[in-house]
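Visitor: Input: one structure, supplied below.
The values are calculated or read from the model by the stated rules, or taken from the named source; none is laboratory data. Quantities reported herein were computed from a predicted structural model and do not represent experimental measurements. Cβ: placed from backbone, ideal geometry, glycine included. Neighbour counts: every protein chain shown. All accessible areas refer to the heavy atoms of the entire protein, side chains included, with ligands and DNA or RNA removed. Shrake-Rupley method; radii C 1.70, N 1.55, O 1.52, S 1.80 Å.
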Amino acid sequence: MDYLPIFTKLENRPCLVIGGGDIALRKVHLLLKAGADVTVCALQFHPKLQQKSEAGQIKIITGSFTESLLDNKWLVIAATNKKVVNREIASAADKRQLLVNVVDDPLLSSFIMPSIVDRSPIIVAISSGGKAPVLARLIRERLEALLPMHIGRLATISGEFRHRVKNVIKNVSLRRRYWEKLFGNGQLGTLLQKGQTEKALTLMEQSLSEEIAQGDVALVGAGPGDPSLLTLKALQLMQQADVVLYDRLVSSEILDLVRRDADLISVGKEAGNHEVGQSRTNKMLVEYALQGKKVVRLKGGDSFIFGRGGEELEELVEAGVAFQVVPGITAASGCSAYAGIPLTHRDYAQSVTFVTGHRKENGQQLDWQALASKNQTLVVYMGLIQSQEIQTQLLHFGRGADTPVALINKGTSADQHVVIGTLSELTQLGGGLKGPTLMIIGEVVSLANKLAWYNPENSHKLSRDPFLVNLA
Ligand SMILES: C[S@@+](CC[C@H](N)C(=O)[O-])C[C@H]1O[C@@H](n2cnc3c(N)ncnc32)[C@H](O)[C@@H]1O
């Protein structure tokens with residue numbers, strides 16, 4: 001970071017502008033908006049600067065710059081059209097350790113003035129540190145369009161209402177939740193847009209009295225590994241959470257995106273090796289929600305596909321805890337896409353079946369006869385340790401020994417590894433693979449030779465910022 005963005009309070013603080021033209025006028029205008037006590041020194045003054053002086057808004061000094069003008073000033077702006085003078089001002093200010101901005105000359109400046117989107121009291125400042133002013137301008141234009149005019153009014157009345165909310169809702173996280181809910185309420189924005197401030201205040205009062213001190217749970221699918229495959233909603237909830245209970249399959253890059261102050265609790269599960277048992281996890285979800293917390297239950301892939309999401313929700317229903325479900329990209333979709341294997345194809349597979357290799361003891365047997373049919377793709381989750389049985393059953397029910405098979409290990413991650421072979425080789429293919437592995441069986445696998453596109457090393461270095469990608 002070349003510059004530290006700060007917002008300075010200039011109300012009634014003496015500031016000096018040297019120069020009397022258009023540019024000086026613009027800077028004076030901004031300083032006055034911030035309530036500064038402005039003195040302008042120049043040989044000649046723009047008529048609007050004269051007017052401001054006559055109206056008592058600024059002081060003007062007719063003459064050349066002298067160092068004594070810097071006495072008792074908080075900051076200085078050099079806006080003359082003479083480089084030599086600007087340099088002299090910058091060096092004099094530097095000597096006194098006084099913040100100085102030389103217009104259009106970042107090298108001489110100890111502070112720069114960013115582009116701003118002004119929805120006072122909300123101010124967004126954008127700077128490229130003088131490196132890409134056009135990009136900064138484009139970003140500003142985007143933000144101008146994005147932030148409705150009434151957002152400033154919303155911030156102002158929220159400020160006035162803050163103490164009241166603080167008195168009524170003592171718990172910090174509940175208070176945050178109240179504000180999040182309120183700002184997410186489109187009705188409030190509509191009222192302010194129409195200038196109906198009184199009605200907006202009534203709405204704020206109403207929602208305050210309706211606020212019930214109860215938390216909720218969001219069951220969120222985190223996708224197969226690559227953080228850029230998270231949904232926007234998942235990201236939003238992760239950034240609002242008080243507590244996040246996550247599984248072993250959720251990558252550390254994804255956990256890095258969780259709100260910094262949230263409690264992160266691993267309830268990691270591996271087939272047969274449960275760090276925190278399922279029933280304990282279910283209970284923790286209920287307990288945290290009843291404490292009024294916003295709980296995110298983060299699971300690999302999609303929670304409703306071999307994720308036991310349904311069981312956790314049943315427990316929440318029983319305890320009367322509010323919840324929502326955010327789908328994630330399941331391993332079958334993520335891994336097949338990143339391995340270049342379309343799960344269906346008009347020539348090779350008219351259907352696709354997802355099965356799990358890991359079933360409850362004494363659980364139902366799979367219908368191997370149906371699974372061995374041709375023209376379909378079989379995706380097996382947690383299938384690696386069952387390779388022998390899968391091979392035996394499929395061959396027994398008539399699937400060809402030369403049917404292509406893919407094992408995708410740590411799919412979509414920077415460590416993705418794909419092994420391709422045939423059904424007759426299945427039991428040897430997975431030797432040495434550690435970590436989550438997905439099995440895809442069917443003719444579509446042969447397309448990977450042609451369609452594989454993902455290079456783990458390069459792809460994870462691509463910009464993940466959708467906003468910037470859109471601008472490009
Ligand atoms: C308990 S299941 C959870 C599936 C998850 N709910 C989903 O929708 O992807 C775990 C199995 O999913 C598969 N899996 C999940 N993520 C994977 C990944 N990134 N690469 C390969 N297989 C994965 C593996 O077969 C793993 O053993």
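Visitor: So if I check each of V85, V17, V28, which one is among the aliphatic types (A, V, I, L, M) and part of a strand (DSSP E or B)? Talk me through it step by step, then tell me what you get.
Guide: On the way: V85 fails: part of a strand (DSSP E or B); V28 fails: part of a strand (DSSP E or B).
Step by step, each of V85, V17, V28 is checked, and only V17 is among the aliphatic types (A, V, I, L, M) and part of a strand (DSSP E or B).
Visitor: All but one of (1) in contact with a Ser or Thr (Cβ under 7 Å, 6 or more places away or on another chain); (2) of a type in the set (S, T, Y); (3) within 15 Å of the ligand (Cβ to nearest atom) hold for T344; which doesn't?
Guide: (3)
Visitor: Can A93 be described as within 15 Å of T39 (Cβ to Cβ) and either in contact with a Ser or Thr (Cβ under 9 Å, 6 or more places away or on another chain) or β-branched (V, I, T) (or both)?
Guide: Numbers: within 15 Å of T39 (Cβ to Cβ): yes; either in contact with a Ser or Thr (Cβ under 9 Å, 6 or more places away or on another chain) or β-branched (V, I, T) (or both): yes.
The answer is yes for A93.
Matching residues to (1) buried (at least 19 other Cβ atoms within 10 Å of the Cβ); (2) over 43 Å from the mean Cα position of the chain (by Cα):
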{"residue": "F65", "(1), (2)": "yes, yes"}
{"residue": "V84", "(1), (2)": "no, yes"}
{"residue": "Q97", "(1), (2)": "no, no"}
{"residue": "D104", "(1), (2)": "no, no"}
{"residue": "F111", "(1), (2)": "no, no"}
{"residue": "R119", "(1), (2)": "yes, no"}
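Visitor: For K199, which of the numbered conditions (1) touching a Ser or Thr at 6+ places or on another chain (Cβ under 6 Å); (2) away from the ligand (no atom under 16 Å from the Cβ) fails to hold?
Guide: The number of the failed condition is (1).
Visitor: Can we say V321 is in contact (Cβ under 8 Å) with a residue 12 or more places away in the chain, within 12 Å of the ligand (Cβ to nearest atom) and crowded, with 18+ Cβ neighbours inside 10 Å? Write out each step before concluding.
Guide: On the way: in contact (Cβ under 8 Å) with a residue 12 or more places away in the chain: yes; within 12 Å of the ligand (Cβ to nearest atom): no; crowded, with 18+ Cβ neighbours inside 10 Å: yes.
So V321 does not fit the description; no.
Visitor: Quick one: would you say G411 is out of contact with any His (no Cβ under 6 Å at 6 or more places or on another chain), of a type in the set (G, A, S) and surrounded by fewer than 21 Cβ atoms within 10 Å (Cβ to Cβ)?
Guide: Values: out of contact with any His (no Cβ under 6 Å at 6 or more places or on another chain): yes; of a type in the set (G, A, S): yes; surrounded by fewer than 21 Cβ atoms within 10 Å (Cβ to Cβ): no.
So G411 fails the test.
Visitor: Tally time: how many residues in the stretch 287-310 are of a type outside the set (S, T, Y), outside any strand (DSSP E or B), touching a residue at least 60 places away in the same chain (Cβ under 8 Å) and away from the ligand (no atom under 12 Å from the Cβ)?
Guide: Count: 5.
Visitor: Could I ask something else about it? Mind telling me which of the residues K410, K374 ends up being within 15 Å of the ligand (Cβ to nearest atom) and among the charged types (D, E, K, R)?
Guide: Values: K374 fails: within 15 Å of the ligand (Cβ to nearest atom).
The match here is K410.
Visitor: Sticking with this one: List every residue pair whose Cβ atoms sit under 7 Å apart, with the two residues 6 or more apart in sequence or on different chains, where the first one lies in the stretch 242-257 and is farther than 21 Å from V286 by Cα and the second, anywhere, is open to solvent by 20 Å² or more (accessible area, probe 1.4 Å) and more than 13 Å from the ligand (Cβ to nearest atom).
Guide: I254/L230; L255/L264; L257/L235
Visitor: A further question follows. Which one of V117, V76 is over 22 Å from M1 (Cα atoms) and assigned to a strand (DSSP E or B)?
Guide: Details: V117 fails: over 22 Å from M1 (Cα atoms).
Step by step, each of V117, V76 is checked, and only V76 is over 22 Å from M1 (Cα atoms) and assigned to a strand (DSSP E or B).
Visitor: Just name the residue that is least open to solvent (accessible area, probe 1.4 Å) out of those in the stretch 324-336 that are more than 8 Å from the ligand (Cβ to nearest atom) and assigned to a helix (DSSP H, G or I).
Guide: Here the residue is S336.
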